[in-house]
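Peer 1: First, the structure itself, so that you have it in front of you.
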Amino acid sequence: MTIETGSEPQRVLLTGGRSPAALELARLFRAAGHRVYAAESAPYHLCRVSRSVERSFHVPPPTENSEKYAAALCAIAEQHRIDALIPTCEEIFHVSKELDRFEGVCRVLAAPLTELDSLHHKGKFIETAERLGLPVPDTVTLDTPDGWLQLLDSPRFAEGIALKPAYSRFASRTLMLDLRRTPLPDFRREEIARKLAGADVSDRRPWIAQELLRGEEWCTYSVAHEGRIAAHAAYRSRYRAGRGASIHYKPADQPQLFHWVRRFVAGLGFTGQIAFDFMVSPEGAVLPMECNPRATSGVHLFGSDGRLAEALLSPSALLAAGRIASPAAQLRQGAMLSAAMLSYGLVQAVRERTLGEWLRAWRNSRDVVYRREDPKPFAEQFRLLAWTRQTAARQRLTLQEASTSDIEWNGER
């Protein structure tokens, strides 16, 4: 895959316009002088009403038919002479599945599906990192509902076990088993057994069992080109939506995380956007938990100086100059999803009795959706929320599950 471009303005097509990350990229590309288009299967999305987006297109849901989805994107790319297609959410897997379709049409910032799948699958990702000689937590892939039971007496899992689907997001189905003090009660075993039986755990719907890690959770976001890092940011996962996605982002220098990521992308020769969730122990040991080979909230930490846009569209020029795009100094105060911080974040602070810390984070952070010069996406997020609630009720899903039900990838064959 080649993504190199010159310094001339480009026509960029973003998918996954519902995400704040896509909106951020749209604004960054626009500020760098590029023309931005968006394609989405959701009827309401943040990029639809942004002044940074020249035109928005409604396309079929990729989960219903990847071929039709890719054909619609190709038609848009041909009609509007798109130079680069950049997926931002899990629709990247459906685009990658149809990469051949885009040959001669536009560049696509997506690795081949087999490579992406080996990173998205939580068990395969750990195997890949271990093969590259990197430290990893003990992890076992489960293809039967009762496969986890034999791990209860294993010294490798003496501290506890985290059970989660190999393909999942937001930690919405993760089960935490703390085994430090007492054996797992029978009623708890029965509860977990029922949940895994209901999840139909099998080789087609695998789960993983991972040693329960303790410490501080950190996230990274990087852009890599042929195994070299062109952009990188790290931030503490301090406030979250339940157990799921981070809602507050404050950049910090974490050399040990950078070195881990650099070794990983170099070992794969990876090209594209890639993000990791880590646990850093009190002793400073770094262990990865999962990988997201796509855009994540780390994009909010870059300024409008054009460095991230350059890393995505012209990485060789950036690397040739010996530069790596990093969080802008003026954004080191932090960024947040203000609506989520007023709900999930505030509840977390009350529970933890850390209201002072939460208030400082609130005061020293900017909202990632609202901009005075581009105000419409702020209202649009509530239309998107209403549509997501309707989808959740209709399909009997949680709100978080409904937010990705039409774009997610769960290892479909």
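Peer 1: With the requirement that a residue be free of Cβ contacts under 8 Å to residues at least 12 places away in the same chain and farther than 24 Å from Pro9 by Cα, what does the stretch 63-111 give you? Explain how you work it out, then say what you get.
Peer 2: Of all residues in the stretch 63-111, those free of Cβ contacts under 8 Å to residues at least 12 places away in the same chain come to 65, 68, 75, 79, 100, 103-104.
Correct list: Asn65, Lys68, Asp100.
Peer 1: Against the condition over 29 Å from Trp362 (Cβ atoms), of a type in the set (Gly, Ala, Ser) and touching a Gly at 6+ places or on another chain (Cβ under 8 Å), how does Ala266 come out, does it pass?
Peer 2: The answer is yes for Ala266.
Peer 1: Just give me the residues in the stretch 260-290 being in a loop (DSSP other than H, G, I, E, B) and either closer than 22 Å to Ala209 by Cβ or free of Cβ contacts under 8 Å to residues at least 40 places away in the same chain (or both), in sequence order. So that I can check it myself, show each step before the final result.
Peer 2: Looking only at the stretch 260-290, we keep the residues that are in a loop (DSSP other than H, G, I, E, B), and these are 269-271, 281-285.
Scanning the stretch 260-290 gives Ser281, Glu283, Gly284, Ala285.
Peer 1: Just checking, which of Ala231, Ala275 is hydrophobic (A, V, I, L, M, F, W, C), within 19 Å of Phe125 (Cβ to Cβ), in contact with a Phe, Trp or Tyr (Cβ under 8 Å, 6 or more places away or on another chain) and surrounded by 21 or more Cβ atoms within 10 Å (Cβ to Cβ)? Let's see the steps before the verdict.
Peer 2: Numbers: Ala231 fails: within 19 Å of Phe125 (Cβ to Cβ).
Criteria check complete, one pass: Ala275.
Peer 1: Now for a different question. Hey, can you tell me all the residues within the stretch 295-329 that are β-branched (Val, Ile, Thr) and within 18 Å of the chain's Cα centre (by Cα)? Full working, then the answer.
Peer 2: To start, the set of residues in the stretch 295-329 that are β-branched (Val, Ile, Thr) comprises 296, 299, 324.
The answer is Thr296, Val299.
Peer 1: A follow-up question, please. Which one of these does Arg294 not meet: (1) in contact with a Leu (Cβ under 6 Å, 6 or more places away or on another chain); (2) in a loop (DSSP other than H, G, I, E, B); (3) crowded, with 24+ Cβ neighbours inside 10 Å?
Peer 2: Of the numbered conditions (1) in contact with a Leu (Cβ under 6 Å, 6 or more places away or on another chain); (2) in a loop (DSSP other than H, G, I, E, B); (3) crowded, with 24+ Cβ neighbours inside 10 Å, the odd one out for Arg294 is (1).
Peer 1: Given the criterion part of a helix (DSSP H, G or I) and at pLDDT 95 or above, identify the matching residue among Ala72, Ala39. Before you say what the answer is, go through the steps one by one.
Peer 2: Numbers: Ala39 fails: part of a helix (DSSP H, G or I).
Just one listed residue meets the conditions, Ala72.
Peer 1: Next question. I'd like to know if the stretch 395-407 contains one or more residues that are of a type in the set (Lys, Arg) and under 25 Å from Pro43 (Cα atoms). Before the answer, list the steps.
Peer 2: Filtering the stretch 395-407 for residues of a type in the set (Lys, Arg) gives 396.
When the remaining residues are screened for being under 25 Å from Pro43 (Cα atoms), the result is 396.
Among the residues of the stretch 395-407, at least one is of a type in the set (Lys, Arg) and under 25 Å from Pro43 (Cα atoms), which makes the answer yes.
Peer 1: While we're here: Tell me, which strands (runs of 3 or more DSSP E) wholly within the stretch 110-191 include 3 or more residues that are touching an Asp or Glu at 6+ places or on another chain (Cβ under 9 Å)?
Peer 2: Working: elements: 139-142, 160-165, 175-178.
Passing ranges, in order: 160-165.
Peer 1: Which pairs have Cβ atoms under 9 Å, sit 6 or more apart or on different chains, and link a residue in the stretch 147-172 that is touching a residue at least 40 places away in the same chain (Cβ under 8 Å) and more than 21 Å from Ser202 (Cβ to Cβ) to one that is open to solvent by 20 Å² or more (accessible area, probe 1.4 Å) and of a type in the set (Gly, Ala, Ser)?
Peer 2: Phe170/Gly242; Phe170/Ala245; Phe170/Ser403; Ala171/Gly242; Ala171/Ala245
Peer 1: Another question, then. Just checking, which of Asp100, Asp83 is open to solvent by 30 Å² or more (accessible area, probe 1.4 Å), more than 25 Å from Leu384 (Cβ to Cβ), of a type outside the set (Gly, Ala, Ser) and out of contact with any strand residue (DSSP E or B) (no Cβ under 8 Å at 6 or more places or on another chain)?
Peer 2: Matching residue, one of Asp100, Asp83: Asp100.
Peer 1: Provide a single number: the residues in the stretch 213-228 that are more than 14 Å from the chain's Cα centre (by Cα) and crowded, with 20+ Cβ neighbours inside 10 Å. Before you say what the answer is, go through the steps one by one.
Peer 2: Step one: filter the stretch 213-228 for residues more than 14 Å from the chain's Cα centre (by Cα), giving 213-217, 224-228.
Now narrow it down to the ones that are crowded, with 20+ Cβ neighbours inside 10 Å: 224-225.
Of the residues in the stretch 213-228, 2 are more than 14 Å from the chain's Cα centre (by Cα) and crowded, with 20+ Cβ neighbours inside 10 Å.
Peer 1: Could you identify the single residue in Pro60, Pro20 that is over 24 Å from Thr296 (Cβ atoms) and either at pLDDT 95 or above or surrounded by 20 or more Cβ atoms within 10 Å (Cβ to Cβ) (or both)? Spell out the reasoning first.
Peer 2: Numbers: Pro20 fails: over 24 Å from Thr296 (Cβ atoms).
Within the list Pro60, Pro20, the selection yields Pro60.
Peer 1: Suppose the filter is in contact (Cβ under 8 Å) with a residue 24 or more places away in the chain and more than 25 Å from Thr15 (Cβ to Cβ); does Pro293 pass it? Quick ask: steps written out before the conclusion?
Peer 2: Numbers: in contact (Cβ under 8 Å) with a residue 24 or more places away in the chain: yes; more than 25 Å from Thr15 (Cβ to Cβ): no.
So Pro293 fails the test.
Peer 1: Identify all residues within the stretch 341-383 that are small (Gly, Ala, Ser) and touching a Lys or Arg at 6+ places or on another chain (Cβ under 9 Å); write none if there are none. I'd like the intermediate steps shown before the answer.
Peer 2: As a first pass, look at the stretch 341-383 and keep what is small (Gly, Ala, Ser): 343, 345, 349, 356, 361, 365, 379.
Gly345, Ala361, Ser365, listed by residue number.
Peer 1: Are any residues in the stretch 116-139 open to solvent by less than 50 Å² (accessible area, probe 1.4 Å), under 19 Å from Arg205 (Cα atoms) and within 20 Å of the chain's Cα centre (by Cα), and if so, which ones?
Peer 2: Leu116, Asp117, Ser118, Leu119, His120, His121, Lys122, Gly123, Phe125, Ile126
The values are calculated or read from the model by the stated rules, or taken from the named source; none is laboratory data. Please read all numbers here as calculations on a predicted model, not as lab measurements. We place every Cβ from the backbone using ideal geometry, glycine too, and count neighbours over all the protein chains shown. Side chains included, ligands, DNA and RNA excluded: accessible areas come from the protein's heavy atoms. Shrake-Rupley method; radii C 1.70, N 1.55, O 1.52, S 1.80 Å.
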